[in-house]
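Worksheet: one structure, shown below.
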Amino acid sequence: MWRELAAVGRDAGSGGYRRYAWTPADTDCRAWFREQAAARGLDYETDRNGNQWAWLGDPAAGDAVVTGSHLDSVPDGGAFDGPLGVVSAFAAVDELRARGAVPGRPLAVVNFGDEEGARFGLACVGSRLTAGRIGAEDARRLRDADGVTLARAMERAGHDPDAIGADPERLARVGAFVELHVEQGRALDLGGHPVGVASAIWPHGRWRFDFRGQANHAGTTRLEDRHDPMLTYAGTVLAAREQARLAGALATFGKVAVEPGGVNAIASLVRGWLDSRAADEQTLAAVVAGIERAAREGGTRDGVAVEVVRESFTPEVEFAPVLRDRLAALLGTDAPVPVLPTGAGHDAGILADAVPTAMLFVRNPTGVSHSPAEFAAEDDCAAGVTALADVLEGLACR
């Protein structure tokens, strides 16, 4: 499975993946998922929001145990973030069958669409729609960098955008959702553990900072006469690092757009996107407020207007304690399994208010994610499959 999926959407120059929602690469990934379901005799369906499901047992019976993740990527992302969870889910089904385990509850493998938000700027669109965390009209109006709406992109890929929206009937069928994911950090590696259990997801969000100055000639405008938004932006990036450091939080300006974009021109507009995360919502709010304050002070100094817009926010998610503890008990019969928080968002976090959810992490010795350097050793991936199969057997099988 891993070899079949490895080439899909991979850029030859960077070695990273560009599997953006509702593009040809995404279509190829979705075809792969459908083929894996068919090869195992699983009942396949696509829901109203474009998420893919492969069922072992009757979905209408309810109280299903669901596992899976996503197949899309960030720009030049790694091979493991998302796909490891889907590949491991199918492999865990194979392992259950090899053991002769008989499910007493329906089992399903899921591929949630547009988890990374790389194309339309909002993460976890497929699961957000399903859980009613974004309205259908708001979702249809999302646009990519070329101005293509989500609705139009769905149409081009053969999916009906008029059908999207909250899907409480589907969620009511799910008794538990367990998502396996490569760890996006080095906690497991530093502790010498191949697999761990997630305790919670830090609150996190995305904010757009607009810095509006005055375009002018780079070679003739005196420094003291400039209204240069790039200076204010640069100061804000440094302030974000300092605010996060002081608070024990995280803050990243990872995307920037400059107008008019000439090498010999002072910019008229610099637009930067802030990603910030912290262990609790109060700390996160304080960090972002400090960054905004620094931006506005810099704008006053530089003669630049500053506007800040919160584009998305996900509150702190504590995974269902009963389910989390059960996973730790199922996997910790020989030695305790580490239970650790994460600063990364996931579909499991979006669904946590609607269904009991939990996560398993597989060791990442590089600690790198959202990059071609992302890695998990084959033995650790196999350990993850075994752990997931143990969990599914414990939750779903007689």
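The values are calculated or read from the model by the stated rules, or taken from the named source; none is laboratory data. Just so it is clear, the structure is predicted and the values come from calculations on it, not from any experiment. All Cβ positions, even for glycine, are placed from backbone atoms using ideal geometry, and neighbour counts span all protein chains on display. Please note that ligands, DNA and RNA were not included when accessible areas were found on the heavy atoms of the full protein model with its side chains. Shrake-Rupley method; radii C 1.70, N 1.55, O 1.52, S 1.80 Å.
What residue, of 311, 307, 281, is touching a Pro at 6+ places or on another chain (Cβ under 9 Å), under 30 Å from residue 238 (Cα atoms) and surrounded by fewer than 20 Cβ atoms within 10 Å (Cβ to Cβ)? Give the derivation first.
On the way: 311 fails: touching a Pro at 6+ places or on another chain (Cβ under 9 Å); 307 fails: touching a Pro at 6+ places or on another chain (Cβ under 9 Å).
So the residue among 311, 307, 281 that is touching a Pro at 6+ places or on another chain (Cβ under 9 Å), under 30 Å from residue 238 (Cα atoms) and surrounded by fewer than 20 Cβ atoms within 10 Å (Cβ to Cβ) is 281.
Just a yes or no: is a residue in the range 308-326 at pLDDT below 95, in contact with a helix residue (DSSP H, G or I) (Cβ under 8 Å, 6 or more places away or on another chain) and either over 29 Å from residue 139 (Cβ atoms) or aliphatic (A, V, I, L, M) (or both)?
Looking through the range 308-326, at least one residue is at pLDDT below 95, in contact with a helix residue (DSSP H, G or I) (Cβ under 8 Å, 6 or more places away or on another chain) and either over 29 Å from residue 139 (Cβ atoms) or aliphatic (A, V, I, L, M) (or both).
Among the residues of the range 116-162, count how many are in a helix (DSSP H, G or I) and basic (Lys, Arg). Steps first, answer last, please.
Taking the range 116-162 and keeping what is in a helix (DSSP H, G or I), we get 125-131, 136-141, 150-156, 161-162.
Adding the requirement that they be basic (Lys, Arg) leaves 128, 140-141, 152, 156.
Looking only at that region, the number is 5.
Yes or no, residue by residue, for (1) farther than 22 Å from residue 357 by Cβ; (2) in contact with a Ser or Thr (Cβ under 8 Å, 6 or more places away or on another chain); (3) surrounded by fewer than 19 Cβ atoms within 10 Å (Cβ to Cβ):
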| residue | (1), (2), (3) |
| --- | --- |
| 11 | yes, no, yes |
| 17 | yes, yes, no |
| 31 | yes, no, yes |
| 41 | yes, no, yes |
| 65 | no, no, no |
| 72 | no, no, no |
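Does residue 155 meet the test of being within 26 Å of residue 32 (Cα to Cα) and of a type in the set (D, E, K, R)?
Against the criterion (within 26 Å of residue 32 (Cα to Cα) and of a type in the set (D, E, K, R)), residue 155 qualifies.
Testing residue 70 on (1) touching an Asp or Glu at 6+ places or on another chain (Cβ under 8 Å); (2) in contact (Cβ under 8 Å) with a residue 40 or more places away in the chain; (3) more than 23 Å from residue 177 (Cα to Cα), one condition comes back false. Which one is that?
All conditions pass for residue 70, except number (3).
Collect the residues in the range 196-220 that are out of contact with any Ser or Thr (no Cβ under 8 Å at 6 or more places or on another chain), modelled with pLDDT of 95 or more, open to solvent by 20 Å² or more (accessible area, probe 1.4 Å) and not charged (D, E, K, R), keeping them in residue-number order.
First, pick out the residues of the range 196-220 that are out of contact with any Ser or Thr (no Cβ under 8 Å at 6 or more places or on another chain): 196-197, 199, 208, 210, 216-220.
Retained after the next criterion (residues that are modelled with pLDDT of 95 or more): 196-197, 208, 210, 216-220.
If we keep only those that are open to solvent by 20 Å² or more (accessible area, probe 1.4 Å) as well, we get 208, 216-220.
Selection gives 216, 217, 218, 219, 220.
Quick check on residue 258: is it of a type in the set (A, V, I, L, M), surrounded by fewer than 18 Cβ atoms within 10 Å (Cβ to Cβ) and either outside any strand (DSSP E or B) or modelled with pLDDT under 95 (or both)?
Numbers: of a type in the set (A, V, I, L, M): yes; surrounded by fewer than 18 Cβ atoms within 10 Å (Cβ to Cβ): yes; either outside any strand (DSSP E or B) or modelled with pLDDT under 95 (or both): no.
Judged against the criteria, residue 258 is not a match.
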